[in-house]
Each structure stands twice: as structure tokens, then as C-alpha cells.
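Chemist: Can you read through this structure? Questions will come right after.
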Amino acid sequence: MLSLHHEARTPVHAVPAGLKLLVLFVVGTGSFFVRSIPVLGGALVAVAGCYALARIPWRMAVRQWLVVLPFVAVIFVVQGLLVDWGSAVLVAERIVVLVALAALVTLTTRTAAMVAAVERLLGPLRRLGVRPERVGLVVAMTIRFVPVLKEQADQVRAAQRARGVEYSARFLTPLLVKTLRLADGLGEALEARGVDEDDSRL
Amino acid sequence: MIELDGVSHWYGQRQVLADLTLSLGERRVGVVGSNGSGKSTFARLLNGLLVPGEGQVRVDGLDTRKQGKAVRRKVGFVFQDPDVQIVMPTVGEDLAFGLKHRGQDKAEIARRVDAALAQYGLAELREHPAHLLSGGQKQLLAIAAVLITEPTHVIFDEPTTLLDLGNRRRIARLIRDMDQQVVVVSHDLDLLADFDRVLVFDRGRVVADGKPDGCIATYQAMHPPL
């Protein structure tokens, strides 16, 4: 399950959404310049401390990390075999820190506050033709539709299993078709709900 | 009043609606027909989601081709699958979406969202993730999110198809109690039994038009039991 807001009154929840996004951006960018395993390890411990401070139930926290674990494992092995195992540890640490921090931001921030923060942060770019409200809508819709896409992927996999196919890359084709249909329907729904291409608010 | 004047529509070379001329003034209008008979296309023409390949559709005098945006503000649309229609992550945010988009101020949005949550029994679910709602709750949210914008007409495209009996009845009651003009496309003949008017579609044409009893009988006669 993709993380959504976890209601609680903690210092982490109280941090303004804009500041959290800024920290995420700084850590995300900064982590690529850090080449020290202990420093990234320390960052990981710090993020885990923030989870405790935010009183995120450990099951919920573990669920966030389990989703990325297979990807991290593959990247770790490939990096280890192709480059060296030290680099592999660095890359794995970096990904886990970023994903854990991003999940923490999502868990401790209401979507509305996040969208408002994104719109505020992008406000100065309006002069360059960027439409912050539209970016905000995309952020909100991404959070909304990732679980829907996961459900669709589960359905396709279940249908394949029911027909005796355990693992097949061919599951991507029906998933893509379903996703395109969803996108089509979503476009129609947005139009029906008053979101027009030429709307000045979007 | 919804009016269709000489409306035909094609998808590529395939004609899906053929020369429809209708005036829909009744409060509750039902539409039945086989799969592929043109019902959903017909529904999408009524709020300008589609403009007809030929002919004209007017809602309270507004032409869907020239004044589509104004028409969509008057005409709400409820889709068969609420997962497509619910665009925001939580119940409260989705209810607020349409109002925010219409430029309502924050206080008015908060007031109307509170009222809608209470009216549709969703108050406990304000912060609930939309993807974790049951099918019935999702459809209820989809309908509430349309009604909160106070449309004067509401089009339903198979609103009960994905629901169990209890939720079908709940949605049927909600539709029955609505003040707006409603046009309901459905395979659920019970839902349409006490409507004011029913249209039967077959291969893009209206083959029966009148009171539910006669029209539903005509539709059933088109599909005799095996």
C-alpha cells in the first residue's frame, strides 16, 4: 500500500509542508555528493529517528520500505558485480534514505498542505509559463492513482495466475492497455468535473 | 430542458447514433439498450463530453458545441466506475476539488464539504484514502462530488453496475430523492421502473420512448429468455 497521511500530533507533523519538501530536495540532491558509507548510514539512522519522533507504527514504516527492497536488492547486486561492493552499499544506502524520507514526508503531511506547498514553491516560475496549480493537481493525482495502478497490476497478475501462468513479462501488455484506458477515462472525468484545457486556474 | 436536434455520431467509419431528435423535459429519464447500442455515447453528448458529429445538443438553450464549458457547469456526470471519477487522494479533498476549481472561497468550500459529508453519511471518512473505500462508498463519493457543485441536471452512466444489492438500493433512493433532472443509463431495469420516461436504444436509434412499463416490456421482448 502506498503511504498516505498518518494522523498524529507530533513535532514532525507540525513542520510546514514547504520546509519538509525543501529538506527532501536538499537531502535528495546532497546525497549524491556524499561518498561516505558511515555518513549515509548516519542519515539512515536520523531518518529512522524521525519515524520514531513522528510515532509512525513500525508495521506501517516497514511496509513503505518493503516495496522498494526488491529494486534496491537488484541495484545492489548489479552495482556490486559491475563496479565494486563499496559503491553498491553507497547506492543502496542512498536509495533507502531517499525513499524512507519521501515516505515520511507523505505520512506526516496532508495532501492538501503538500499541494499548497508545491504551488507556493513554484509560484515564482509562473512568469516563465509554469502553472503551479496544474503541477499541484498532478502531485495530488499521482498520490491518488498509484494505489489504483497497483490494484490493476494485481488484477492482471491474478488473472494470469488463474490461467496457470506464474511469472511472465507479458503481464505488462494488459497492464499498459488498462492504464491507457484509465488515463482516457480520467481525462474524460476531469473534463466532466470542469477541468478544461484552457482553464486559467490550471 | 435537454434537446437533441438531428444528432448523429460516428467513431471513425462506424455510426453509433443515427438522426436523434428528442426533447427531454421530464425529471427522471431512463435509458436502456444492449451493449454497443449507443447509450453511453448518448449520455456523453448531453454534457458536452462529446460533441455530435452532426446535429445539435442544447441544454437549457446552451449549445454543447459552442458553450461546452457552460454546459458542463450545469450538467453533472457520474461515471460507471468511480475509480476513474475520484481524482483526489482523500474523501474530503475530492469533495472540495470541484468547488476549488470553480473559484469558491475557502470558507464556502469548507461549509459545503462539511454539509455534503454529513448529508451523504461520509463524515467519518473525511480523511479516509479514496482507494480504501468500498465500492458503494466510492460511488456515493462520486455522486456527492458531483452534487456538491449544484448542477441543474445530472447524467448517470450505469451507476449501479458495479454495486451489490444494498448499495444499488441506496443509490436508487438517492437518485429518486434528487431535485435535479436526471438522465440514467442503466441495465438495472428495477432502477428505472418508476421513472417518468424511458428510452430504449437499439443500434443507435431510439426504438421505444414512453412510460417505463411499456418501454421495459419492449426492451425485454427484444431479448427473449433462452
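Chemist: Which of the following residues is loosely packed, with under 12 Cβ neighbours inside 10 Å and assigned by TED's automatic domain parsing to the domain that holds A:G28: A:R63, A:R55, A:R59?
Modeler: A:R59
Chemist: While we're on this one: Does at least one position in segment B:100-119 carry a residue that is in contact (Cβ under 8 Å) with a residue 40 or more places away in the chain, more than 10 Å from chain A (Cβ to nearest Cβ) and crowded, with 21+ Cβ neighbours inside 10 Å?
Modeler: First, pick out the residues of segment B:100-119 that are in contact (Cβ under 8 Å) with a residue 40 or more places away in the chain: B:102.
Going one step further and asking which of them are more than 10 Å from chain A (Cβ to nearest Cβ), we end up with none.
For segment B:100-119, residues in contact (Cβ under 8 Å) with a residue 40 or more places away in the chain, more than 10 Å from chain A (Cβ to nearest Cβ) and crowded, with 21+ Cβ neighbours inside 10 Å: absent.
Chemist: Right, next: Name every residue in segment A:167-180 that is part of a loop (DSSP other than H, G, I, E, B) and polar (S, T, N, Q), in order of residue number.
Modeler: A:S168
Chemist: Can you name the residue in segment A:167-178 that is more than 19 Å from B:K138 (Cβ to Cβ) and touching a helix residue (DSSP H, G or I) at 6+ places or on another chain (Cβ under 7 Å) and, of all such residues, is nearest to the other protein chains (Cβ to nearest Cβ)?
Modeler: A:L175
Chemist: Being of a type in the set (V, I, T), part of a helix (DSSP H, G or I) and under 19 Å from B:G36 (Cβ atoms) is the filter here, so list the residues in segment B:167-226 that pass it.
Modeler: Matches in segment B:167-226: B:T218 only.
Chemist: In addition: Only residues that are of a type in the set (A, V, I, L, M) and at the interface with another protein chain (Cβ under 9 Å from one of its Cβ atoms): list them for segment B:51-77, please.
Modeler: Here is the first cut: in segment B:51-77, the residues of a type in the set (A, V, I, L, M) are B:51, B:57, B:59, B:62, B:70-71, B:75.
Passing the criteria: only B:V75.
Chemist: Going through segment B:57-113 one residue at a time, which ones are of a type in the set (S, T, N, Q) and not in a helix (DSSP H, G or I)?
Modeler: B:T64, B:Q67, B:Q80, B:T90, B:Q104
Chemist: Give the residues of segment A:149-166 that are buried (at least 18 other Cβ atoms within 10 Å of the Cβ) and under 26 Å from B:I143 (Cα atoms), sorted by residue number.
Modeler: The initial filter retains those residues of segment A:149-166 that are buried (at least 18 other Cβ atoms within 10 Å of the Cβ), namely A:152, A:156.
Across segment A:149-166, the qualifying residue is only A:Q152.
Chemist: What about A:I75, is it assigned to a loop (DSSP other than H, G, I, E, B), of a type in the set (A, V, I, L, M) and not assigned by TED's automatic domain parsing to the domain that holds A:T142?
Modeler: no
Chemist: Of the residues that sit in segment B:78-99 and are touching a residue at least 40 places away in the same chain (Cβ under 8 Å) and β-branched (V, I, T), which one is farthest from the other protein chains (Cβ to nearest Cβ)?
Modeler: Per the criteria, the residue is B:V91.
Chemist: Is it true that some residue in segment A:69-89 is farther than 28 Å from A:A54 by Cα and in contact with a Ser or Thr (Cβ under 7 Å, 6 or more places away or on another chain)?
Modeler: yes
Chemist: Here's a follow-up. Within segment B:171-192, does at least one residue satisfy the condition of being polar (S, T, N, Q) and without any contact (Cβ under 8 Å) to a residue 24 or more places away in the chain?
Modeler: So far as segment B:171-192 goes, no, none of its residues is polar (S, T, N, Q) and without any contact (Cβ under 8 Å) to a residue 24 or more places away in the chain.
Chemist: Given the criterion surrounded by 13 or more Cβ atoms within 10 Å (Cβ to Cβ) and in contact with a Cys (Cβ under 7 Å, 6 or more places away or on another chain), identify the matching residue among A:L104, A:L98.
Modeler: A:L104
Chemist: Just one of the numbered conditions (1) farther than 26 Å from A:D184 by Cβ; (2) crowded, with 18+ Cβ neighbours inside 10 Å is not true of B:V87; which one?
Modeler: (1)
Chemist: Taking B:R44 and the conditions (1) in contact with a Lys or Arg (Cβ under 9 Å, 6 or more places away or on another chain); (2) assigned to a helix (DSSP H, G or I), which numbered condition does it fall short on, given that it satisfies the others?
Modeler: Of everything listed in (1) in contact with a Lys or Arg (Cβ under 9 Å, 6 or more places away or on another chain); (2) assigned to a helix (DSSP H, G or I), B:R44 misses just condition (1).
The values are calculated or read from the model by the stated rules, or taken from the named source; none is laboratory data. No experiment lies behind these values; they were computed from the predicted model shown. All Cβ positions, glycine included, derive from the backbone under ideal geometry; neighbour counts span all protein chains shown.
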